[in-house]
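To start, the structure itself, in structure tokens.
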């Protein structure tokens with residue numbers, strides 16, 4: 001990876017989806033010192049078309065993404081897209097078919113009136129689930145409650161994740177919800193949405209776009225590109241549609257994706273060999289759930305690590321140094337900016353105020369999607 | 001490293017499939033493909049790809065509803081929001097990285113479930129510049145057909161010849177939904193819909209599913225398969241904006257073909273390729289695509305189809321399957337169906353439609369209204 005860029009994340013941006021893609025693409029190309037002419041292929045990652053309100057959204061966005069008269073691919077794996085599109089970009093290069101691939105992720109959730117949550121009404125099985133009128137807060141509350149019940153996790157320890165990430169986000173120029181002063185009490189006193197989920201446990205809907213540039217070893221060598229980080233492992237996995245038949249306490253599909261990525265990256269002891277992590281944190285308990293899925297904490301141990309400060313930016317295993325979705329915002333696929341972009345910026349020493357104070361060589365990023373069903377994992381090395 | 005097709009499974013294409021939901025449709029095609037490839041998806045497959053668009057499926061996140069009926073639960077799976085040939089291209093790339101040995105590509109249409117199909121297609125128009133004009137989305141096809149006919153001096157008779165050829169070819173394809181003994185006169189007298197396009201120029205929606213199993217040459221050998229090789233593949237997008245794209249020449253198909261031919265080392269497509277399956281969801285598209293693929297000189301495809309060159313017994317058979325006019329419009333499964341047909345021909349498994357002595361074929365797709373996106377695959381018989 002030789003470049004990255006992301007727009008501001010806000011509840012509502014004036015720019016169209018095409019314009020947001022253009023902004024992010026331009027920033028990424030500029031950061032790598034390249035132009036559109038250097039790009040062989042484009043990969044677009046973007047989640048439900050219903051947010052933007054355009055069918056076949058990938059077609060609509062492709063000119064803003066520099067795809068005019070080039071081979072373009074759109075991939076879409078729900079919330080997993082934030083990391084998965086980089087995996088797709090990786091195979092475009094690693095297949096030998098392309099030297100330079102641009103990966104552009106975009107989401108415009110604000111178009112959806114009255115609230116983007118209404119789009120999520122259509123992600124349920126029409127016969128088995130929809131008549132119950134479920135929503136995301138509701139089912140994630142079930143998963144959160146299962147996790148808390150099995151391991152005896154207290155809300156205070158989960159709230160620490162929201163506090164850590166919203167404070168970490170203060171160093172992020174694009175952040176929608178950075179808060180240097182937020183406390184655990186603020187989270188615990190916030191409005192109950194669906195027990196045990198409270199308002200400050202959740203990341204917001206957002207508009208935003210992000211882009212990264214992937215290049216082959218040959219290209220990097222020939223152009224003598226110094227600021228680069230290597231994709232050393234990828235993995236992706238989907239679980240059964242029937243979420244009601246699964247024990248939600250552990251994300252098995254994340255673990256399988258992680259195992260593939262670690263095996264490819266020749267990592268057999270992730271807790272020792274991974275220096276920092278960007279797991280998907282749309283809700284605070286998810287960071288804990290995913291740390292365990294990523295095999296970076298034993299089952300039930302992630303809250304303890306958090307309480308002990310291990311996952312702070314200056315801790316032994318910094319987690320979500322970007323500020324995550326909780327702090328920066330959640331424009332679904334565009335979260336690539338924090339999940340993948342952050343790995344690139346940290347590994348190339350370009351993370352500014354967010355730079356982890358000790359040396360890091362290997363990072364892992366993970367995204368999560370669908371009906372508590374999808375895991376995508378990327379390992380990067382400096 | 002080469003990539004080949006080792007398994008083909010298709011359901012029949014039908015105007016509606018009331019006895020199946022989409023999962024059952026996929027399960028049938030997948031079961032057939034796995035039987036054909038003699039594999040167990042739970043053990044032998046490294047990656048699953050579905051080619052789907054949420055709005056055609058009626059779900060907010062379609063890939064949620066894919067794994068179980070493909071055997072993909074707790075397996076690497078993804079959605080390529082594209083046509084089946086774009087899915088095929090991504091499966092090829094996955095295999096060429098060395099990370100994946102066997103990949104499954106699936107695409108289907110359950111158009112009969114879609115209550116407001118025209119509205120879904122219209123919803124892909126640019127929301128600021130085009131949709132507010134309130135025109136039926138097929139007006140785009142009418143306008144392009146008109147531009148193509150003028151630029152290439154192709155006559156309406158040529159369109160009628162495509163209609164007659166493909167709908168009749170459908171009669172010899174047991175999977176086809178709309179095979180019919182239509183002649184050019186009937187085509188020219190059918191009701192004008194989006195001038196110059198008439199009712200019979202437009203393929204009718206159908207339900208159906210196609211599943212292909214791909215393997216690296218190493219994996220194919222281990223499985224004792226006799227693959228049809230994907231010798232080259234390409235894909236491209238012209239401007240998505242109606243106002244700034246090429247209206248006459250299907251540039252997306254030309255760019256995609258250039259890439260596929262380069263990889264397949266095809267220097268003279270008109271002689272190196274024996275037959276083609278191209279997108280004909282509007283009759284003029286068959287001719288426009290043949291010219292873009294270098295299989296006919298610009299302006300010549302119309303003359304040649306009238307002459308009979310593209311018939312099943314002609315010099316260069318095109319859409320012997322019946323194309324979409326004969327088989328039905330199966331939306332994102334269209335390109336995958338074309339690839340399956342080319343593969344069946346190259347295997348010698350095309351039944352009464354079998355072409356003699358074919359060694360190399362082209363499958364081409366377009367992502368339908370209002371896109372200017374398409375893909376091309378060059379397939380070759382082994383070894």
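Structure above, values below:
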| read-out | value |
| --- | --- |
| Enumeration of residues in region A:293-303 that are surrounded by fewer than 24 Cβ atoms within 10 Å (Cβ to Cβ) and under 22 Å from residue A:198 (Cβ atoms) | A:300 |
| Among residues of region A:121-143, those that are within 13 Å of another protein chain (Cβ to nearest Cβ), under 20 Å from residue A:192 (Cα atoms) and assigned to a helix (DSSP H, G or I), counted | 2 |
| Scope region B:35-56; condition over 16 Å from residue B:94 (Cα atoms) and either surrounded by fewer than 24 Cβ atoms within 10 Å (Cβ to Cβ) or facing chain A (nearest Cβ under 7 Å) (or both); matching residues | B:35, B:36, B:38, B:39, B:40, B:41, B:42, B:43, B:53, B:54, B:55, B:56 |
| Spans of helices (runs of 4 or more DSSP H) in region B:123-195 with at least 1 residues touching a strand residue (DSSP E or B) at 6+ places or on another chain (Cβ under 6 Å) | B:139-152 |
| Residues (within 14 Å of another protein chain (Cβ to nearest Cβ) and either crowded, with 23+ Cβ neighbours inside 10 Å or free of Cβ contacts under 8 Å to residues at least 60 places away in the same chain (or both)) located in region A:98-115 | A:98, A:101, A:102, A:103, A:104, A:105, A:106, A:107, A:108, A:109, A:113 |
| Scope region A:42-66; condition more than 8 Å from chain B (Cβ to nearest Cβ) and at positive phi; matching residues | A:66 |
| Residue count, region A:164-173 (criterion: surrounded by 23 or more Cβ atoms within 10 Å (Cβ to Cβ) and assigned to a loop (DSSP other than H, G, I, E, B)) | 1 |
| Selection count, region A:239-260, where residues are buried (at least 24 other Cβ atoms within 10 Å of the Cβ) and assigned to a loop (DSSP other than H, G, I, E, B) | 2 |
| Residue in region B:218-239 that is surrounded by fewer than 20 Cβ atoms within 10 Å (Cβ to Cβ), closer than 25 Å to residue A:58 by Cα and at pLDDT 95 or above present | yes |
| Residue list for region A:234-260, filter: under 30 Å from residue A:100 (Cβ atoms) and facing chain B (nearest Cβ under 10 Å) | A:234, A:235, A:236, A:237, A:238, A:257, A:260 |
| Check on residue A:328, buried (at least 24 other Cβ atoms within 10 Å of the Cβ) and at pLDDT 95 or above | yes |
| Candidates A:187, A:161, A:153, A:212, filtered to the one that is modelled with pLDDT of 95 or more, crowded, with 19+ Cβ neighbours inside 10 Å and closer than 27 Å to residue A:49 by Cα | A:212 |
| Set B:29, B:107: member being buried (at least 24 other Cβ atoms within 10 Å of the Cβ), in contact with a helix residue (DSSP H, G or I) (Cβ under 7 Å, 6 or more places away or on another chain) and more than 8 Å from chain A (Cβ to nearest Cβ) | B:107 |
| Meets criteria (under 20 Å from the mean Cα position of the chain (by Cα) and either crowded, with 21+ Cβ neighbours inside 10 Å or within 14 Å of another protein chain (Cβ to nearest Cβ) (or both)) for residue B:245 | no |
| Single residue of region B:66-87 satisfying the filter (buried (at least 24 other Cβ atoms within 10 Å of the Cβ) and in contact with a helix residue (DSSP H, G or I) (Cβ under 6 Å, 6 or more places away or on another chain)) that is farthest from the other protein chains (Cβ to nearest Cβ) | B:84 |
| Residue match in region B:250-261 (condition: at pLDDT below 95 and not in a helix (DSSP H, G or I)) | no |
| Of the criteria (1) touching a residue at least 60 places away in the same chain (Cβ under 8 Å); (2) surrounded by fewer than 20 Cβ atoms within 10 Å (Cβ to Cβ); (3) on the phi < 0 side of the Ramachandran plot, which one residue B:299 fails | (3) |
| Test: residue B:10 is more than 14 Å from chain A (Cβ to nearest Cβ), in contact with a strand residue (DSSP E or B) (Cβ under 6 Å, 6 or more places away or on another chain) and within 18 Å of residue B:208 (Cα to Cα) | yes |
| Conditions (1) over 23 Å from residue B:347 (Cβ atoms); (2) facing chain A (nearest Cβ under 8 Å); number of the one not met by residue B:15 | (2) |
| Residues located in region B:366-383, provided they are outside any loop (DSSP other than H, G, I, E, B) and more than 12 Å from chain A (Cβ to nearest Cβ) | B:377, B:378, B:379, B:380 |
| Listing of helices (runs of 4 or more DSSP H) fully contained in region A:1-97 that carry 2 or more residues being over 22 Å from residue A:374 (Cβ atoms) | A:17-32, A:57-61 |
| Subset of region A:261-306 that is in a helix (DSSP H, G or I) and more than 20 Å from the chain's Cα centre (by Cα) - its residue that is nearest to the other protein chains (Cβ to nearest Cβ) | A:264 |
| In region A:224-233, the residues that are buried (at least 17 other Cβ atoms within 10 Å of the Cβ) and away from chain B (no Cβ under 14 Å) | A:227, A:228, A:229 |
| Residue within region B:119-142 that is more than 13 Å from every other protein chain (Cβ to nearest Cβ), over 12 Å from residue B:370 (Cβ atoms), in contact (Cβ under 8 Å) with a residue 60 or more places away in the chain and surrounded by fewer than 19 Cβ atoms within 10 Å (Cβ to Cβ) present | no |
| Every residue from region B:299-312 that is under 22 Å from the mean Cα position of the chain (by Cα) and not in a helix (DSSP H, G or I) | B:309, B:310, B:311, B:312 |
| Some residue of region A:209-218 being part of a loop (DSSP other than H, G, I, E, B), under 20 Å from residue A:89 (Cα atoms) and either within 14 Å of chain B (Cβ to nearest Cβ) or touching a residue at least 12 places away in the same chain (Cβ under 8 Å) (or both) | yes |
| Residue among A:78, A:89 that is under 22 Å from the mean Cα position of the chain (by Cα), facing chain B (nearest Cβ under 8 Å), within 26 Å of residue A:377 (Cα to Cα) and buried (at least 24 other Cβ atoms within 10 Å of the Cβ) | A:78 |
| Criterion violated by residue B:73 - all others in (1) over 23 Å from residue B:225 (Cα atoms); (2) in contact (Cβ under 8 Å) with a residue 40 or more places away in the chain satisfied | (2) |
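The values are calculated or read from the model by the stated rules, or taken from the named source; none is laboratory data. Note that this is a predicted model, so its numbers are computed, not measured. Neighbour counts run over all protein chains shown; Cβ positions are idealised from the backbone, glycine included.
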